[in-house]
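Have a look at the structure below, then the notes.
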Amino acid sequence: MASTLHDELCIRGKTWLKNTYGCQTAFKEIDTTGGEQPDCFGVRHGLTILIEVKTSKSDYLADFKKPWRQEGKGMGQVRYYLTPKGLLDPKVDLPKGWGLLEATAKQIKVVAGINPRKDDLYPIHLLKSHPEFIFESRDTFSELYLLNSVIRRIEVRVGDIQQFTKEHPY
């Protein structure tokens, strides 16, 4: 069972994806029958962003045992850990390519990785300016599976998506 702090950070992570990163869509803890179930997942102009929330060092270390943390696996072209301030040392603890977000009572701060307040977030520009923080080799199947799972759930509520998009273009 997830902790209250974990739940709070997931909510804040999703909000950060929408408001700070500018994701058109963002989700928290979407339950699918697939393998990886990201704490937060967003899409911005075709760029996929994953946030994994960690509230303890032991939880963080256990993350490395998951099959989707192996090279070339896992969701997200851009990946962050979101932790309480001071839990991880960005120079020592972060795996290659991962960013670090730290939460305080009032804000989420980018400690390592792509900073949406400073960097041009279009994928083609990020590939040039921050290639070290872009996972080109990833599990696109699971990303599409997650998005399809959300679309299926919406269809149950609104009916045919094609008809819905015709009636509501934006």
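The values are calculated or read from the model by the stated rules, or taken from the named source; none is laboratory data. Keep in mind that what you see is a predicted model, and the values were worked out from it rather than measured. Here the Cβ positions follow ideal geometry from the backbone for every residue, glycine too, while neighbour counts run over all protein chains shown.
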**OP:** Say whether the condition of being of a type in the set (A, V, I, L, M) and touching a Pro at 6+ places or on another chain (Cβ under 9 Å) is met by at least one residue in the range 123-140.
**Re:** yes
**OP:** Spot the failing condition for Gly42; the list is (1) small (Gly, Ala, Ser); (2) within 15 Å of Trp16 (Cα to Cα); (3) in contact (Cβ under 8 Å) with a residue 60 or more places away in the chain, and only one is missed.
**Re:** (3)
**OP:** With the condition kept exactly as written, say whether any residue in the range 54-74 is among the β-branched types (Val, Ile, Thr), modelled with pLDDT of 95 or more and in a strand (DSSP E or B).
**Re:** no
**OP:** Filter the range 89-144 for residues that are of a type in the set (A, V, I, L, M, F, W, C), over 20 Å from Gly72 (Cα atoms) and surrounded by 13 or more Cβ atoms within 10 Å (Cβ to Cβ) and give the result.
**Re:** Leu101, Ala103, Ile108, Val110, Val111, Ala112, Leu121
**OP:** Could you name every one of the helices (runs of 4 or more DSSP H) located completely within the range 86-170 that has at least 1 residues being among the aromatic types (Phe, Trp, Tyr) and touching a residue at least 12 places away in the same chain (Cβ under 8 Å)?
**Re:** 140-158
Subject >> Subset of the range 6-28 that is in a loop (DSSP other than H, G, I, E, B) and touching a residue at least 24 places away in the same chain (Cβ under 8 Å) - its residue that is surrounded by the most Cβ atoms within 10 Å (Cβ to Cβ) >> reply: Cys23
Subject >> Candidates Thr32, Thr48, filtered to the one that is touching a residue at least 40 places away in the same chain (Cβ under 8 Å) and either within 11 Å of the chain's Cα centre (by Cα) or part of a helix (DSSP H, G or I) (or both) >> reply: Thr48
